[in-house]
Structure formats: C-alpha cells, structure tokens
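The values are calculated or read from the model by the stated rules, or taken from the named source; none is laboratory data. Predicted model, so just to flag it, every value in this text is computed and none were measured. Reconstructed Cβ throughout: ideal geometry from the backbone, glycine too, with neighbour counts over all protein chains shown. Remember, those area values only see protein heavy atoms, side chains included, never the ligands or the DNA or RNA. Shrake-Rupley method; radii C 1.70, N 1.55, O 1.52, S 1.80 Å.
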Amino acid sequence: MAKPIYSSPLSHLSLSPRPSEQTAETSLADLGRVGFFHVLARKDKAAETAVQMGVSITPGQAAHLEGGGVAFPTAPGEWMIICAASTANEELSRWRVQLEGAAYISDQSHGRAALRLSGPYAARLLAKECTVDLHLSHLPTGSFAQTQLAGIGVLIHRISDTPSFDLYCYSGFADSFWHWLTDAGAEFGLQTYQKDQADG
C-alpha cells in the first residue's frame, strides 16, 4: 500500500506562486511537501552507516546524496535526510534496505515544515533572533546550523551565497515561525510565495 503524501503544514495560507521574472527582493516561500527521514546508527555502527550513506559523520556540513536528497549530520550517529515528496516513498524503502543492520530509519515527513528565505536582507532578518553567525565566512554555502529563532528550534541550511537559506522546523510550530518571519521581515519589504516546483 502506498504511503500517504503529507500536505504542507502551511497549505492553508493563501500564497501566490513566485513570479517568473527574477527580482532582487527579499522573499519567503513555503516549500510545500518534502520527505523527512531520521537516521539513527545502531551501537558502534556510526562509521558503517556513514559509509553506506556516503556522507560525513561530522556535524555542520550537509551532503547531497546519490539519487537525490540532502543528508544533515545533526548529532553523533544521527542524520536527517530531506528529499522531494515525489520520491519520498521510494527513497524511504531504498534507505531501509541499504541501512539494514546498521541503522534505524523513521519517516517524519508529517512532522516538519520547510521554508526558503532568499534575498539581500535574508541574513539580517534571521540575525534579529539568531545566535549563529550567518556571515558567509562562518556559514558557507552547503553548511548548516541548528539553533533557535523566536524560541523555535530551526535547522538553517545555506543553499547559496546570495544569500538563500532553507529553514526547517517542526510542523506544530510552522504557523508561529511563519508569522515571526513575516513580522520580522516587514521592514525589509519581505514578499511571501508558494514555491513553484520549477524552482528546484
């Protein structure tokens, strides 16, 4: 039986697609449905799990996975895999087979929200509450940090120098986090969108 494809916890918002023309504005987009998997290595199996996944065991650096998706080493022997919703069922099945005997893997797709904050003032907006140094020299493209913003636990993944950040939080806090971001971004002329699938 096919697993359900969970809707975004922000699907109730009335958001318009991003316009096709490129602009220099600071923007916030709901990334919609994505697959989230938590990987926990069995005792003394962290190194083996990392080899099987083809990723680092060092926290802080995200890794693009063969076949799609990104892996975040969030703690010793633990990773969060994020992938497209369209391939989530297949990826979950593949990882369960590939990591059998080395790690446990659980589907947490229903429990996370994914946002993208982009534009010239993106880092300044986050810096209002973020204790992590978001300067490019400290958080280069491809790296990530786990922190709190407005009292909400967030994983921040820098995806470009421009800057652009993908932000992940628990779905139960998605509304509060969205409203904090839009309020904090008002002075920067923040625009909000529903991510178009062509954006990648």
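All but one of (1) surrounded by fewer than 21 Cβ atoms within 10 Å (Cβ to Cβ); (2) of a type in the set (Asp, Glu); (3) under 17 Å from HIS64 (Cβ atoms) hold for ASP166; state the number of the condition that does not hold.
ASP166 satisfies all of (1) surrounded by fewer than 21 Cβ atoms within 10 Å (Cβ to Cβ); (2) of a type in the set (Asp, Glu); (3) under 17 Å from HIS64 (Cβ atoms) except (1).
Per-residue answers, yes or no, for (1) in contact with a His (Cβ under 6 Å, 6 or more places away or on another chain); (2) among the small types (Gly, Ala, Ser); (3) part of a helix (DSSP H, G or I):
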{"position": "SER11", "(1), (2), (3)": "no, yes, no"}
{"position": "ASP44", "(1), (2), (3)": "no, no, no"}
{"position": "GLU66", "(1), (2), (3)": "no, no, no"}
{"position": "PRO73", "(1), (2), (3)": "no, no, no"}
{"position": "SER86", "(1), (2), (3)": "no, yes, yes"}
{"position": "LEU92", "(1), (2), (3)": "no, no, yes"}
{"position": "TYR104", "(1), (2), (3)": "no, no, no"}
{"position": "HIS110", "(1), (2), (3)": "no, no, yes"}
{"position": "ARG116", "(1), (2), (3)": "no, no, no"}
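GLN98 - would you say it is modelled with pLDDT under 95, of a type in the set (S, T, N, Q), within 22 Å of ALA174 (Cβ to Cβ) and open to solvent by 40 Å² or more (accessible area, probe 1.4 Å)?
Working: modelled with pLDDT under 95: yes; of a type in the set (S, T, N, Q): yes; within 22 Å of ALA174 (Cβ to Cβ): no; open to solvent by 40 Å² or more (accessible area, probe 1.4 Å): yes.
Against the criterion (modelled with pLDDT under 95, of a type in the set (S, T, N, Q), within 22 Å of ALA174 (Cβ to Cβ) and open to solvent by 40 Å² or more (accessible area, probe 1.4 Å)), GLN98 does not qualify.
For the structure I just gave you, tell me whether PHE177 is aromatic (Phe, Trp, Tyr), in contact with a His (Cβ under 8 Å, 6 or more places away or on another chain) and either part of a helix (DSSP H, G or I) or open to solvent by less than 60 Å² (accessible area, probe 1.4 Å) (or both). I'd like the intermediate steps shown before the answer.
Values: aromatic (Phe, Trp, Tyr): yes; in contact with a His (Cβ under 8 Å, 6 or more places away or on another chain): no; either part of a helix (DSSP H, G or I) or open to solvent by less than 60 Å² (accessible area, probe 1.4 Å) (or both): yes.
Spelling it out, it is not the case that PHE177 is aromatic (Phe, Trp, Tyr), in contact with a His (Cβ under 8 Å, 6 or more places away or on another chain) and either part of a helix (DSSP H, G or I) or open to solvent by less than 60 Å² (accessible area, probe 1.4 Å) (or both).
Name the residues in region 29-55 that are open to solvent by 20 Å² or more (accessible area, probe 1.4 Å) and either free of Cβ contacts under 8 Å to residues at least 60 places away in the same chain or among the aliphatic types (A, V, I, L, M) (or both), would you? Show your work before the answer.
The first filter runs over region 29-55 and keeps only residues open to solvent by 20 Å² or more (accessible area, probe 1.4 Å), leaving 33-34, 38, 40, 42-48, 51-52, 54-55.
Of everything in region 29-55, those that are open to solvent by 20 Å² or more (accessible area, probe 1.4 Å) and either free of Cβ contacts under 8 Å to residues at least 60 places away in the same chain or among the aliphatic types (A, V, I, L, M) (or both) turn out to be VAL34, LEU40, LYS43, ASP44, LYS45, ALA46, ALA47, GLU48, VAL51, GLN52, GLY54, VAL55.
Which residue is farthest from ALA114 (Cα to Cα), if the candidates are limited to region 148-161 and must be crowded, with 16+ Cβ neighbours inside 10 Å and of a type outside the set (Lys, Arg)? Give the steps one after another, and end with the answer.
First, the residues of region 148-161 that are crowded, with 16+ Cβ neighbours inside 10 Å: 149-150, 152, 154-159.
Cutting the leftovers down to of a type outside the set (Lys, Arg) gives us 149-150, 152, 154-157, 159.
Values: LEU149: 15, ALA150: 17, ILE152: 14, VAL154: 10, LEU155: 10, ILE156: 10, HIS157: 11, ILE159: 13 Å.
Once the filter is applied, the top-ranked residue is ALA150.
Just one of SER143, SER171, SER93 is at pLDDT below 95, under 25 Å from GLY54 (Cβ atoms), within 13 Å of the chain's Cα centre (by Cα) and among the small types (Gly, Ala, Ser); which is it?
Residue meeting the stated conditions: SER143.
With respect to TYR104, is the statement that it is under 23 Å from SER164 (Cα atoms), open to solvent by 20 Å² or more (accessible area, probe 1.4 Å) and not aliphatic (A, V, I, L, M) true?
No: the conditions fail for TYR104.
So, TRP79, is that one crowded, with 17+ Cβ neighbours inside 10 Å and assigned to a helix (DSSP H, G or I) or not? Break it down into steps so the answer makes sense when it comes.
Details: crowded, with 17+ Cβ neighbours inside 10 Å: yes; assigned to a helix (DSSP H, G or I): no.
Here the answer is no, as TRP79 does not meet what is asked.
Can you name every residue in region 124-140 that is modelled with pLDDT of 95 or more and within 16 Å of the chain's Cα centre (by Cα)?
Matches in region 124-140: LEU126 only.
Among what's in region 115-147 and is small (Gly, Ala, Ser) and in contact with a helix residue (DSSP H, G or I) (Cβ under 9 Å, 6 or more places away or on another chain), pick the residue that is surrounded by the fewest Cβ atoms within 10 Å (Cβ to Cβ).
Of the residues in region 115-147, the ones small (Gly, Ala, Ser) are 118-119, 122-123, 127, 137, 142-143, 145.
Going one step further and asking which of them are in contact with a helix residue (DSSP H, G or I) (Cβ under 9 Å, 6 or more places away or on another chain), we end up with 119, 122.
Working: GLY119: 22, ALA122: 25.
Applying the filter and picking the extreme gives GLY119.
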